[in-house]
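First comes the structure, then the notes that go with it.
The values are calculated or read from the model by the stated rules, or taken from the named source; none is laboratory data. Note that the structure is a prediction, hence the values are computed from the model and not measured. Here the Cβ is made from the backbone with ideal geometry for all residues, glycine too, and neighbour counts use every protein chain on show.
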Amino acid sequence: MGELIIRSETEDDYFEAEAVIRLAFWNVFRPGCFEHYLLHFLRSDRDYLRDLSFVAEKNGYLEGGIYSSKAFLDLEDEGLSKEVLTFGPVGVEPSFQREGVGTLLIQRVIAGAIEGQFKAIVLVGSFDYYHRFGFVHASDYGLLMEDGTTNPAFLALELEKGFFQNLNRARVRWCSALSEIPDPYDLHQFDKSFPHLDKQILPGQLE
């Protein structure tokens, strides 16, 4: 059967890891996906956290991956910014989903964030999934998206009790690689490196 190993990613993993993320997100939120494209550029972003990014390997094959970077909570009135951690993309190849791989990856990052003395984690994701790890709606702490709005998918986990207490109405700022919308042509050209997959319009997609 083999043992599932959670380990740091190496350069030799890059293409396979991007292919796994592509399969994990394909046709989930939109026809096709661009999360693997974001990952490709995230690795070279100055706010990428290589030491807190991991892949799940079993029998020599990658089953999933999780990628961390710095995010910032800006208090515009006071000119202050607090550094926190975010992770994403995080995904598991569909044939290995519902086997606990994603849970192990997320638990590894949370533990690493605590060891690295990060005081909080913020992300955009499904509350129904992430609440099991202790995440709550970021609006519960008064945190806002970059445009000053609230979003039920904007979630937060306090690692140091009281960290969010004086950050009411702070706006999140993601790293550059996660903030930029991919150019459709560039994404199409990048996608040619991978096996063809059909784009489909499916119920529940966001776009």
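Candidates are the residues of segment 152-172 that are under 22 Å from ALA113 (Cβ atoms) and polar (S, T, N, Q); the one that is modelled with the lowest pLDDT is ASN166.
Restricting attention to segment 168-207, the residues that are of a type outside the set (S, T, N, Q) and under 17 Å from LYS70 (Cα atoms) total 9.
Close contacts from segment 125-137, counting a first residue that is farther than 21 Å from THR149 by Cα and among the hydrophobic types (A, V, I, L, M, F, W, C) and a second that is surrounded by 13 or more Cβ atoms within 10 Å (Cβ to Cβ) and modelled with pLDDT of 95 or more, with Cβ to Cβ under 7 Å and a gap of 6+ residues or different chains, come to PHE133/ILE106; PHE133/ILE110; PHE133/LEU157.
Summed over segment 80-127, the residues that are assigned to a helix (DSSP H, G or I), under 17 Å from the mean Cα position of the chain (by Cα), surrounded by fewer than 17 Cβ atoms within 10 Å (Cβ to Cβ) and of a type in the set (Gly, Ala, Ser) give a count of 1.
Looking only at segment 24-79, residues that are at pLDDT 95 or above, outside any helix (DSSP H, G or I) and acidic (Asp, Glu) come to 6 in all. Annotation note: of LEU178, LEU197, LEU202, LEU206, the sole residue that is surrounded by fewer than 12 Cβ atoms within 10 Å (Cβ to Cβ) and closer than 24 Å to PHE41 by Cα is LEU206. Residues in segment 2-23 that are in a loop (DSSP other than H, G, I, E, B) and on the phi < 0 side of the Ramachandran plot were compared, and the one that is farthest from the chain's Cα centre (by Cα) is GLU3.
The single condition among (1) hydroxyl-bearing (Ser, Thr, Tyr); (2) in contact with an Asp or Glu (Cβ under 7 Å, 6 or more places away or on another chain); (3) at pLDDT below 95 that SER179 does not meet is (2).
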